[in-house]
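Engineer: Before anything else, here's the structure in question.
Please treat every number below as a calculation from the coordinates, not as lab data. All of these numbers come straight from a predicted model, not from anything done at the bench. Every residue, glycine as well, gets a Cβ built from its backbone with ideal geometry; the counts of neighbours run over all protein chains shown.
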Amino acid sequence: MATTFYYRLPSDNTNEFLLWTGRVTAESKLHLDGVYAVRDRLGVKKLPRNTLVVSEHELKSGQWSSHRIREATLSREPREKKTYAKSVADVPTSFDDVQDMLKKFGLA
């Protein structure tokens, strides 16, 4: 039995009149099959972050309002990137320095 899935991309948050970006049909009721069908429709390997995919059965159950649908696709603040020390002062510059370091720690 085929199931209809509706999807909304985060880029549609600027349009107040459009609730869904589109709809696709999948062969089963599984959410993952709906995601695969949306990816195939858009021709991408990975959906954009905060893309909402909802089955027709979920919509009929009444758990999704238009406000909640729009809110689910809002872009959240990006995560802070981890920063790593860029100091190379502790890195030996020659083979002799490496030997001295190994001797210092009793490894040679």
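Engineer: Anyone know which of Leu30, Leu52, Leu74 comes out most mobile in the 10 Å Cα GNM of the chain?
Structural biologist: Leu30
Engineer: Magnitude of the Cβ-charge dipole of the stretch 3-72, K/R +1 and D/E -1, about the Cα centre, nearest 20 debye?
Structural biologist: Dipole of the stretch 3-72, to the nearest 20 debye: 180 debye.
Engineer: Take every Cα pair under 8 Å in the chain that's 6+ residues apart, average their separations, divide by the length, and report that relative contact order as a whole percent. Walk me through the intermediate numbers first.
Structural biologist: On the way: 111 pairs, mean separation 28.3, N = 108.
26 percent.
Engineer: Using a cut-off of under 17 Å, list every residue of the stretch 25-51 whose amide N is near the label point 7 Å from the Cα of Thr4 along the Cα-to-beta-carbon line.
Structural biologist: Counting backbone N atoms under 17 Å from the label point, the list is 25-30, 34-35, 37-38.
Engineer: For Phe17 and Met101 in the same chain, what is the full-extension length gain: residue separation times 0.36 nm, less their Cα-Cα distance, in nm?
Structural biologist: Difference between extended and current length: 23.5 nm.
Engineer: Test of understanding: extend the Cα→C-beta vector of Asp40 to 7 Å, then name every residue of the stretch 13-27 with backbone N under 14 Å from that spot.
Structural biologist: Answer for the stretch 13-27: 24-27.
Engineer: While we're here: Output the Cα-based Rg and Dmax of the stretch 3-72 in Å, rounding Rg to one decimal and Dmax to a whole number.
Structural biologist: 11.5, 32
Engineer: Another question about this same structure. Sort Thr73, Thr25, Thr4 by Cβ crowding within 10 Å, fewest neighbours at the top.
Structural biologist: Least crowded to most crowded, the residues run Thr25, Thr4, Thr73.
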